[in-house]
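Below you'll find the structure, written out as structure tokens, and then a few comments.
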Amino acid sequence: MHTKLLLFLNRFFPLPVHPFNLQNEGGSYAKWEYEKGADTIAFYTERYTTDEMFADKVILDIGCGAGGKTMYYALHGASHAVGIDILPKYREESEKLARELGCEDKFEFVSGDAADSGFPSESFDTVIMNDAMEHVSNPEGVLLEVERVLKKGGRLYVNFPPVDHPFGAHLSDLIGIPWVHLFFSEKTLIAAYKELCKTVPDGEERIKFRISENENGEEYFSYINHMTIKRFNRLCENTGLCRIYYKEVPLRRFLTPLAKFPPTKRFFVKMVVAVLEKTSE
């Protein structure tokens, strides 16, 4: 009953642009990322210049996807930029775009776990986590790894939409209802998502990517870690990194009061933005 209601309501909500759907329309995820490169750092360039972030620096981009945004960083002053993603399938697409952009010598795609990267200690000047903190399965481990691989004085630039964001369920490739995860149970969302996956050619791949089973055999969305504003701030406090910049961006300017009012803020914050620095002490 609930699944049918969700599917019915979903007909009235347009889907936002999503890279999964872009690929099915013949587009390139990597190129789309590259073209959106400036947007991925827009929250930081209000405060920091691109030279401060990239000039002559070795960059690590965690959760790089197909590497397009990593290449954007590489071509904006970085001496070398490494993108790491858990999915090896993006390697071919990323390397193809690197050849097209002529940045093969400055870009590297690595498939692996950002919580256990294998990179040497103190090997990066800048680490970027753009829309990745809410996805990593071990956020505590990732932050500790970032602290290890950052050089002294190096910075982590991190931004993410908290889980209570209108599309915090990260199902907007097929479900366009805002705050849908607050109105329907995860069980219902899984059933509806599986049904909608029948309408796209890569539906089975999307199911495998987003849904796993726990030790009791129950399905859950493993693609997100339900990162909240409070949890993120706790994680930051437990690292040896010093937070030097922090901002909570409201959904819309006129909604700023609701994004600041404690009982409602978690629903009306569009993006959490922070810069953490590895001190020399």
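The values are calculated or read from the model by the stated rules, or taken from the named source; none is laboratory data. Values in this document were obtained by computation on a predicted structure and should not be read as measured data. All Cβ positions, even for glycine, are placed from backbone atoms using ideal geometry, and neighbour counts span all protein chains on display. Note: areas computed on protein heavy atoms with side chains; ligands, DNA, RNA excluded. Shrake-Rupley method; radii C 1.70, N 1.55, O 1.52, S 1.80 Å.
Filter segment 120-147 down to the residues that are open to solvent by 30 Å² or more (accessible area, probe 1.4 Å) and in contact with an Asp or Glu (Cβ under 9 Å, 6 or more places away or on another chain) and list them by number. Those that are open to solvent by 30 Å² or more (accessible area, probe 1.4 Å) and in contact with an Asp or Glu (Cβ under 9 Å, 6 or more places away or on another chain): Asp125, Ser137, Asn138. You will find that of Glu205, Glu281, Glu215, the residue that is at pLDDT below 95, assigned to a loop (DSSP other than H, G, I, E, B) and over 22 Å from Val127 (Cα atoms) is Glu215 and no other. Checking every residue in segment 250-265 against the condition of being open to solvent by less than 70 Å² (accessible area, probe 1.4 Å), in a loop (DSSP other than H, G, I, E, B) and either touching a residue at least 12 places away in the same chain (Cβ under 8 Å) or among the basic types (Lys, Arg) (or both) gives at least one match.
Of the residues in segment 117-127, not one is at pLDDT 95 or above, touching a Pro at 6+ places or on another chain (Cβ under 7 Å) and over 18 Å from Leu241 (Cα atoms).
Residue-by-condition table, conditions (1) surrounded by 14 or more Cβ atoms within 10 Å (Cβ to Cβ); (2) under 15 Å from the mean Cα position of the chain (by Cα):
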residue	(1), (2)
Phe43	yes, yes
Glu46	no, no
Ile62	yes, yes
Gly67	yes, yes
His76	yes, no
Phe107	yes, no
Ser117	yes, no
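Once segment 78-97 is narrowed to residues that are of a type in the set (Asp, Glu) and over 14 Å from Tyr34 (Cβ atoms), the residue that is least open to solvent (accessible area, probe 1.4 Å) is Asp85. Please tell me if Ala55 is over 14 Å from Tyr29 (Cβ atoms) and in contact with a Lys or Arg (Cβ under 8 Å, 6 or more places away or on another chain). Against the criterion (over 14 Å from Tyr29 (Cβ atoms) and in contact with a Lys or Arg (Cβ under 8 Å, 6 or more places away or on another chain)), Ala55 does not qualify. Out of the residues in segment 148-160 meeting the condition of being open to solvent by less than 10 Å² (accessible area, probe 1.4 Å) and touching a Phe, Trp or Tyr at 6+ places or on another chain (Cβ under 9 Å), tell me which one is farthest from Val127 (Cα to Cα). By that ranking, first place goes to Phe160. For segment 161-216, the candidate set comprises residues that are in contact (Cβ under 8 Å) with a residue 60 or more places away in the chain, under 15 Å from Leu5 (Cα atoms) and hydroxyl-bearing (Ser, Thr, Tyr); within that set, the residue that is surrounded by the most Cβ atoms within 10 Å (Cβ to Cβ) is Thr188.
If you go through segment 234-249 and pick out every residue that is touching a helix residue (DSSP H, G or I) at 6+ places or on another chain (Cβ under 8 Å) and either open to solvent by 40 Å² or more (accessible area, probe 1.4 Å) or farther than 19 Å from Asn130 by Cβ (or both), you end up with 5.
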